[in-house]
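Notes to accompany the following structure.
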Amino acid sequence: MRAISALVSLLIGAAFSPLASAQEVLPFPPTPSASTAGLTMQDSVYKKRVDPRRLPPDAPNILIILMDDVGPGQASTYGGEINTPTLTRIANLGISYNRFHSTAMCSPTRGALLTGRNHTRISNGQIAELANDFDGFSGKIPKSAATVAEVLKDYGYSTGAWGKWHNTPAEQTTSKGPFDFWPTGYGFEYFYGFLAGEASQYEPRLVRNTTVLDPHTYEHPGYHLSEDIATDAIKWLREQQAYAPDKPFFMYWAPGAAHGPHQVPKEWADKYKGKFDDGWDKYRERTFKRAKELGWIPQNAQLTPRPPTLASWDSIPENEKPFQRRLMEVYAGFVEHADYNAGRVIDEIEQEGKLNNTLIFYIWGDNGASAEGQNGTISELLAQNQIPSTIQQHIKTVNDLGGLDVIGSAKTDNMYHAGWAWAGGEPYKSTKLVAAHFGGTRQPMAVSWPAKIKHDGIPRPQFHHVIDIVPTIYESVGITPPRVVNGVDQMSIDGISMVYTFADATAKGRKTTQFFDIMGSRGIYHDGWFADTFGPRTPWVPGRPAGIDKWNPENDVWELYNLDEDWSQANDLAAKMPERVAYMKNLFLIESAKNENLPIGGGLWTPVFHPEDAPSTPYTEWTFSGPITGMPEFTAPKLGKFDNTVSMDIEVPENANGVLYALGGFSGGLSLYVKDGVLHYEYNLFEIDRTKIDAKDKLPTGKVKIDVESKLVAPKPGAPLDVTLKVNGQVVAQGRVPITAALMFTANDCLDIGSDLGSPVSLAYFDQAPFAFNGKIVTTKISYPKKADQHTLSASPDEGQ
């Protein structure tokens, strides 16, 4: 009977237990004790438990280098004119891929890269700061899509990430979290960098693990972010070697370069003086010729023409060309500087004797070169806020600040003319944010692993995508993708391994289908064919897209290309093959439904149609006790954008000086400050216009109440703002800000009360920053006006460091 009972129990248990081996469920269960406990120690058998090794003895170290906003025609490795010796080094150690692809945008590519799943399937169809409530665009990588870092960590890897992250919901980036969606919540045991999409290279707001850092702990004269994250990564490697030499490592090194702002010390930019004097059209022709000579692109590849919406170099007024040239020189220096610092990390790996067994993926861009500088700019978020400007405004501001050499410094958030981005996308059409064309999605990649990959100098032409990196790593290490991670059932991997190409450059490509979509610019690859439609917006054209309110994706005109014969999407066959176009369009819709890519154009919801819905906290009232620093802009009160009142109780000393509050930075923001006892308000509209509202008399000393009342003239984004300053209930100054920032002042700066800790908003105290108030901040209350249907929430955040 006992035997029958045991058998029944076994069968019942089998019926209800998961059909998974230990390898399919992570983390692995704890190692049981090897000892046997008796009643006494004399009766016990002691044996130290040993955790089993889950990895093969030759498991490789892994390094992913991900550059930002760079084009396929820019790196000298593949025919461009920006010096990239580190990329060349990796290419010469291993192999390169000339048909490797991204999503055309930051957060979507990064999420897809780290999970092996398509971007909308993991809710990353838009950047984190512009997420919305549709499933494919909500900005949170679900725990059902465990990152490669999480899996490798459970298998025994040390894991670390540096630089740009951009996959945490913007409203969750305060020092109080929650931290589930920070890098450390996705399997990275160590993180040092910034959570947002961009940062000042000189005055970034950085995070170490889950601690928001005081800039004084890392900034110093001569500081630069790319150098900092390389130095920190080297320190981590040395500690890894000292503390856990038997463990392999996984590193994700992703500098902010060359995303805007393009900032680099002058000596790096000066390396390129005069090299781009003949403009972007000639640059594109030269690099096209060189890419063919190197065998990087086929001899029958065609150079696609400049779009009619983009200015030719010859059409640029002569008095503007020095400005446009310097923007490109600074960009080139910025890129080379980042490549150099990537090389420092690789040098350390080699010095430790680990380069031979390190699998390195050097991905040249999370998307194509960025056209968001549009006509050339000293403050690149003008484009995101859809604020038009003239080049003369930018040149005048540069001259007022000291001349062309100020470009690339902490006083500009410069980005080059879109013509340079288009030229850098040679030989392809378009730029970043265009998922329809390879200028937005085709990213050169070099892969080295000296122990297993032999250099042969032949580019790999198989069609691949960033989702293929994770399965490539798993196959290289010998890992089966887990079915359950941390108790959560896992969605299937979308990518395929590229290991089959490591030893065979001519292997038949195994990827049959891949869809692309960024804000309605979309395409579909299938069996050597590519169909696409450009979408409703042109990244290099300033302002709100014309006709966007009437856009219907069902009316978009599609293109069709035979990629086996047409390398660069130069010959549109749509008119000749309407049946194939219809088939590809239907396939795109099937892939969209499978991958949560609905509604079509869902990523446009916030940046184009509803900027007021940008992610933020639900509060409409805040109470701050004393000074605070480092409240990220996307979590802070929306000063300068909505109607609001700021009320401050302060104690004013004799000869009062300092910042009472500041939001944003030198590239754009607002500040209320006291200079020699006089109250001043400044609204910095991305450097091209500064509205200053100044009191005439000094503040009284002692306890003082200050109110700043802001009211939009019209209920629409970007409308003028009337600002009133009151001291102890009396109006002391009034003024109107003619244009306001609809979306954001900065991506990575913050609200500070009692100082301006990051990049200083105003020139009035630039050299005295952070210009801490020398009196006492008692209480600051901020509120939006109550509406009849509005449920009011209040908060008393503590963001102090």
Signed unit charges on C-beta, dipole axis of the chain, positive-most listed residue Gln324, Pro632, Val151:
Val151
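Would you work out if the chain is rounded, prolate or oblate? Take a ≥ b ≥ c from the square roots of the eigenvalues of the alpha-carbon gyration tensor; rounded if a/c is under 1.5, else prolate when a/b is larger than b/c, oblate otherwise. Intermediate results must be reported in sequence, preceding the final value.
Numbers: a/c = 1.65, a/b = 1.22, b/c = 1.36.
Oblate.
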Ignoring everything but the protein chains, give the 1.4 Å probe accessible area of Val732 in square angstrom, nearest 10.
50 Å²
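Per residue of the chain, what 222 nm ellipticity follows from adding -39500 (n - 2.57) for every DSSP H run with n ≥ 4, rounded to the nearest 500?
The per-residue figure over the chain is -6500 deg cm²/dmol.
Can you tell me how much longer the chain between Phe609 and Ala244 gets when fully stretched, taken as 0.36 nm per residue apart minus their C-alpha distance, in nm with one decimal?
On the way: separation 365, 0.36 × 365 = 131.40 nm, distance 5.13 nm.
Length gained between Phe609 and Ala244: 126.3 nm.
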Placing +1 on the Cβ of each Lys and Arg and -1 on the Cβ of each Asp and Glu in the stretch 236-289, which of Val264, Gly274, Phe249 has its Cα farthest towards the positive end of the resulting dipole?
Gly274
Restricting to aspartates and glutamates and to Cα separations under 19 Å from Lys282, and discarding same-chain partners fewer than 8 apart, the set is Glu81, Glu293, Asp314, Glu318, Glu320, Glu329, Glu426
With all protein chains present and a 1.4 Å probe, the order of Leu679, Leu294 from largest accessible area down is Leu294, Leu679
Over the stretch 607-704, average the accessible area per residue using a 1.4 Å probe and give it in Å², no decimals.
32 Å²
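Decide, for the stretch 420-532, between rounded, prolate and oblate: order the square roots of the alpha carbon gyration tensor eigenvalues as a ≥ b ≥ c, take rounded if a/c falls under 1.5, and otherwise choose prolate if a/b is larger than b/c, else oblate. Don't skip to the end; give the middle numbers.
Values: a/c = 2.01, a/b = 1.24, b/c = 1.63.
Taking the square roots of the gyration eigenvalues as a ≥ b ≥ c, the stretch 420-532 is oblate.
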Kindly write out, for the stretch 488-499 in residue order, the coupling ³J(HN,Hα) from the Karplus curve 6.51 cos²θ - 1.76 cosθ + 1.60 (θ = phi - 60°), rounded to whole Hz, with x marking Gly and Pro.
10, 4, 9, 6, 5, 7, 8, x, 10, 5, 9, 4
Among Lys638/Lys711; Lys143/Lys511; Lys321/Lys396, which pairs are too far apart, with a Cα-Cα distance over 19 Å?
Lys143/Lys511
If the cut-off is 19 Å between C-alpha atoms, which lysines fall inside it for Lys576, apart from same-chain ones fewer than 8 positions away?
Lys585
Quick one: ranking Lys271, Lys638 by accessible area, 1.4 Å probe, largest first, what do you get?
Lys271, Lys638
Using the Cα centre of the chain as the reference point, and only Cβ charges (+1 on K/R, -1 on D/E), how large is the resulting charge dipole? Debye, rounded to the nearest 20.
1100 debye
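At a 1.4 Å probe radius, carbon and sulfur cover how many percent of the accessible area of the chain?
Values: 16090 of 30190 Å².
The nonpolar share, carbon plus sulfur, comes to 53 percent.
Hey, which of these cross-link pairs are over 29 Å Cα-Cα: Lys164/Lys716; Lys47/Lys354; Lys164/Lys550; Lys705/Lys786; Lys164/Lys235? Please list the in-between numbers first.
Numbers: Lys164/Lys716 32 Å; Lys47/Lys354 34 Å; Lys164/Lys550 36 Å; Lys705/Lys786 22 Å; Lys164/Lys235 18 Å.
Distance filter (> 29 Å) returns Lys164/Lys716; Lys47/Lys354; Lys164/Lys550.
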Please give the Cα centre distance for the stretch 267-346 versus the stretch 129-157, rounded to the nearest Å.
35 Å
If packing is taken as the average number of other Cβ atoms within 10 Å across a peptide's residues, how do 492-502, 170-180, 354-364, 370-380 rank, most packed first?
370-380, 354-364, 492-502, 170-180
Cα-based reach from Lys247 at 20 Å (exclusive), listing aspartates and glutamates while leaving out same-chain residues under 8 positions away:
Asp51, Asp58, Glu150, Asp154, Glu189, Asp232, Glu239, Asp347, Glu348, Glu350, Glu352, Glu475
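Assign one of three labels to the stretch 370-489, namely rounded, prolate or oblate, based on the Cα gyration tensor with a ≥ b ≥ c the square roots of its eigenvalues; rounded applies when a/c is under 1.5, prolate when it is not and a/b is larger than b/c, and oblate otherwise.
Values: a/c = 2.60, a/b = 2.12, b/c = 1.22.
Taking the square roots of the gyration eigenvalues as a ≥ b ≥ c, the stretch 370-489 is prolate.
How much of the DSSP bridge set in the chain is antiparallel, in percent, rounded to the nearest 5?
Numbers: 93 of 124 bridges.
Antiparallel bridges make up about 75 percent of those DSSP assigns within the chain.
The values are calculated or read from the model by the stated rules, or taken from the named source; none is laboratory data. This is a predicted model, so every value here is computed, not measured. Here the Cβ is made from the backbone with ideal geometry for all residues, glycine too, and neighbour counts use every protein chain on show. The protein model used for the area step is the full one, side chains on, heavy atoms only, and it has no ligands, DNA or RNA in it. Shrake-Rupley method; radii C 1.70, N 1.55, O 1.52, S 1.80 Å.
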